[in-house]
1. Working only within the stretch 19-56, note down all residues that are modelled with pLDDT of 95 or more, among the hydroxyl-bearing types (Ser, Thr, Tyr) and either closer than 17 Å to residue 95 by Cβ or surrounded by 20 or more Cβ atoms within 10 Å (Cβ to Cβ) (or both).
2. Looking at the stretch 212-219, can you tell me whether even one residue there is β-branched (Val, Ile, Thr) and either closer than 18 Å to residue 395 by Cβ or surrounded by 20 or more Cβ atoms within 10 Å (Cβ to Cβ) (or both)?
3. Within the stretch 99-130, restricting attention to residues that are outside any helix (DSSP H, G or I) and acidic (Asp, Glu), which residue is nearest to residue 164 (Cα to Cα)?
4. Just for the stretch 266-281: of the residues that are more than 22 Å from the chain's Cα centre (by Cα) and farther than 20 Å from residue 239 by Cα, which one is surrounded by the fewest Cβ atoms within 10 Å (Cβ to Cβ)?
5. Quick test of your reading of the structure: residue 139 fulfils all but one of (1) modelled with pLDDT under 90; (2) in a strand (DSSP E or B). Name the failing condition by number.
6. Filter the stretch 160-202 for residues that are modelled with pLDDT under 95 and in a loop (DSSP other than H, G, I, E, B); which is surrounded by the most Cβ atoms within 10 Å (Cβ to Cβ)?
7. Could you go through the stretch 151-162 and let me know if any residue there is free of Cβ contacts under 8 Å to residues at least 40 places away in the same chain and within 30 Å of residue 302 (Cα to Cα).
8. For the stretch 389-419, name all the residues that are modelled with pLDDT under 90 and at negative phi.
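The values are calculated or read from the model by the stated rules, or taken from the named source; none is laboratory data. The model shown is predicted, which means the values in this text are computed figures rather than measured ones. As a convention, Cβ positions derive from the backbone with ideal geometry for all residues, glycine included, and neighbour counts pool all protein chains shown.
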Amino acid sequence: MPSVAFHTLGCKVNQYDTQAMLECFERAGYEVRPFDQPADVYVINTCTVTGTGDKKSLNAVRRAQRLNPKADIVIAGCLAQRDGEQLLATGARLVIGASRRGEVVELLRLAQSENRQLAAVQRDILRIPFEPLTVSGDMDHTRAVIKIQEGCDRYCTYCIIPYVRGGIRSRAPKDIRAEAIRLSNAGFRELVLTGIHLTSYGRDLEGETLLDGIRAARAPGVSRIRLGSLEPVAADEAFARALRQIPEICPQFHLALQSGSDTVLKRMRRRYTTAEFSRSAGFLREAFPGCALTTDVITGFPGETEEEFEQTLSFVRQIGFARLHVFPFSARQGTPAARMGGQVPRAVREQRARVLIAAGRETAKAWAEGQLGRVRPVLVEDLGPDGIPRGYTPEYAQTAVPGGAQGEIVPVRLVAYGEDGVFRGERAD
């Protein structure tokens, strides 16, 4: 039996695409092995959001070649879409990008049968339909990802993603429903709805909105629906109230900030102000008291002054995020930001990132302390290093649960918050 191994970089959309390709290989009779073991085929699903993503992607290719110099390498994903045929120089047998992932086995067999390298990267991806990938499982044990949207047309000045993921494409609600039922029947209690620009869901479908996509994922046996990243201005009062009427919704909302300075946001071509962001945060907190708000922030965007950075630092503390992901600015060739004047030195970008990360730890701890004493349902996932079962609350707070069994949802009183970022709980049933 031929064997295949996978390595995924980047976002939850990539995780979904990997799972879909994995199941294609399984249906073709391949044995799936861990990436650190010898295999006949290695599939690397790449990321190109930052220079670090590029580097890690290429390192994964070299690692696979060391594990089995005779293996066929498949490079997929965003870096593959961007660089296409150039990646054949790595020795890859097949390169595919942001489409044709459902054909991965057939394309590999074609390249093998003709004993050649093949770059099957579709260049015109602005108007292609949503690729009908499906999954019936997931590499996680208790939650599964459903991709309901693909592509982006925002063209923020720093972002390469619209160029490598193409235009807005949405999955039909009936197909979301069918996959949700399939995953529920497979035993998954939590579904994570994701997309490249999730808020754009339905813009290419007549009469459909993101709320329709979310409602389509409601299936018997599914206890939780968790949302991917949301555009801040989309989380208005009406949206927050409508979400409140969907009992499965997890009160953890990722609102992508990127900067807490209005002048930087304007240069980034983000379509909101800090005041609008703050209002959206307020609407969600009003609808979901105690909810977790998480975000991303970029430090050292071109022209960022010390004053603008201090504005970001102050705004992060003002909002009080439960989790903060910080990235030093990484210039992406082909984007307007890469050509802007006032490029901030790397050392300054990284120093500002360290300051923000420290502030994020402070706000995370303050949010966590506000959770103490609450009784929250914890979906048990696995054992922690201490041998005690661990799982997550709807707010995505990792919690140790004495006596919990995998896949069980247990009411837990949160009694302590550790330096490791894990809550200690006691069963409240």
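1. 42, 46 - these are the residues of the stretch 19-56 that are modelled with pLDDT of 95 or more, among the hydroxyl-bearing types (Ser, Thr, Tyr) and either closer than 17 Å to residue 95 by Cβ or surrounded by 20 or more Cβ atoms within 10 Å (Cβ to Cβ) (or both).
2. Yes, the conditions are met somewhere in the stretch 212-219.
3. My answer is 124.
4. Selected residue: 266.
5. That leaves (2) as the condition not met.
6. Going through the qualifying residues, I end up with 188.
7. yes
8. If the condition is that a residue be modelled with pLDDT under 90 and at negative phi, then 402, 404, 405, 406, 419 are the ones that fit.
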